[in-house]
Amino acid sequence: MATDVKPTRKNLMAIEDRIELSERGHDTLEKKRDGLIMEFMDILDQAQDVRSDLEDTYETAQQRLNMARAMDGDIAVRGAAAALKEHPEITTQSKNIMGVVVPQIESTSVRKTLDQRGYGVLGTSGRIDAAAEAYEELLEQIILAAEVETAMKELLDEIETTKRRVNALEFKLLPELRSNKEYIEQKLEEQEREEIFRMKKIKDKKEAEERAEREAAQSEPVSADD
């Protein structure tokens, strides 16, 4: 509350400094919030494309798998899958987007040649090869989607945090500081008016006393000797 602040010149200067600092912080946070929103919208567009591609790739992979199972049988498909010796490896790094650390997922050994898949070329059909290729592509899409979705979540969390800080400054701290400043200024003006009035009263009293002394001196009787 403003009435809790002691109305002194020193406190007024301190509050003015805090207002200036808070206003600069508010402007900086607003710019950060707007920049984060722009970055988020760019990633959102990318995420929509990734999701669409992921759905298409999944449908293609399922169709090719179903075709291989129907034509070559489950045993052949399962045997080809079990023959895989070298599994994909995933590593995570990080990158900075306007102060927000988001993951950057790197993958290796996802796409493979026929001989890297481990099954004998003569013992399988082109349908199994097509299904394997489709699922390799699907895995790449899943990894990309995970990276984009996580980046979106991190950015969205930071946007919400920044918005709360902007609102706290704009609707709570700055109004309180300005109210305190106005209160102190009013009190100081009142004190100044009271001091001026007090000094005027002292002056008027002194002038009245001096006038009374002069009048008293003038009214004294003059002796005959004089």
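Annotations for the structure displayed:
- Summed side-chain charge close to residue 23 - residues other than residue 23 whose Cβ falls under 12 Å, Lys, Arg +1, Asp, Glu -1: -3
- Vicinal HN-Hα couplings computed from phi for region 58-71 (Karplus, 6.51 cos²θ - 1.76 cosθ + 1.60; Hz; Gly/Pro x): 5, 4, 5, 5, 5, 5, 5, 5, 4, 5, 5, 5, 5, 8
- Accessible-area composition of the chain, carbon plus sulfur, in percent [1.4 Å probe]: 52 percent
- Estimated from helical segments only, the mean residue ellipticity of the chain at 222 nm is -26500 deg cm²/dmol, where each DSSP H run of four or more residues counts as -39500 (n - 2.57).
- Taking GluC sites (Glu not before Pro) across region 86-137, the ones in a DSSP loop with at most 11 further Cβ atoms lying within 10 angstrom of their Cβ are 86.
- The calculated FRET efficiency for the pair residue 91 and residue 51, based on their C-beta separation and a Förster distance of 30 Å, comes to about 0.80.
- The residues of the chain expose, per residue, 70 Å² of accessible area to a 1.4 Å probe.
- Residues residue 195 and residue 4, FRET efficiency given R0 of 25 Å [Cβ-Cβ distance, rounded to 0.05]: 0.55
- Residue-by-residue Karplus 3J(HN,Hα) for region 88-103, coefficients 6.51, -1.76, 1.60, Hz, glycine and proline x: x, 10, 10, 10, 10, 10, 9, 9, 10, 10, 6, x, 9, 8, 10, x
- Nearest-ten-degree value, helix 126-168 long axis tilted from longest Cα axis of the chain: 10 degrees
- Candidate lysines - alpha carbon under 29 Å from residue 205, same-chain residues fewer than 8 apart omitted: 187
- Relative protection proxy for 150-156, 187-193, 23-29, from highest mean packing down: 150-156, 23-29, 187-193 (other beta-carbon atoms within 10 angstrom).
- Sequence-ordered 3J(HN,Hα) estimates for region 8-18 from the Karplus curve with 6.51, -1.76 and 1.60 and θ = phi - 60° stand at 10, 4, 4, 5, 4, 5, 5, 5, 4, 5, 5 Hz, glycine and proline given as x.
- A simple count of charges around residue 189, restricted to other residues whose Cβ falls under 13 Å of its Cβ and scoring Lys, Arg +1 and Asp, Glu -1, yields -2.
- Between residue 203 and residue 111, the simple spin-label model (points 7 angstrom out along Cα→Cβ) gives 9.2 nm.
- Among [x] 0.94; [y] 1.00; [z] 1.61, the entry that matches Rg/Rh (Cα atoms, Kirkwood Rh) as calculated here: [z]
- Cross-link reach is defined here as a Cα-Cα straight distance under 18 Å, omitting same-chain residues fewer than 8 places apart; for residue 181 the aspartates and glutamates meeting it are 4, 16, 17, 20, 23, 170, 189, 190, 192.
The values are calculated or read from the model by the stated rules, or taken from the named source; none is laboratory data. Please read these numbers as outputs of a predicted model, since none were measured by experiment. So basically every Cβ, Gly included, is an ideal-geometry build from the backbone, and we count neighbours across all protein chains shown. These area figures cover heavy atoms from the full protein model, side chains too; ligands, DNA and RNA do not enter into them. Shrake-Rupley method; radii C 1.70, N 1.55, O 1.52, S 1.80 Å.
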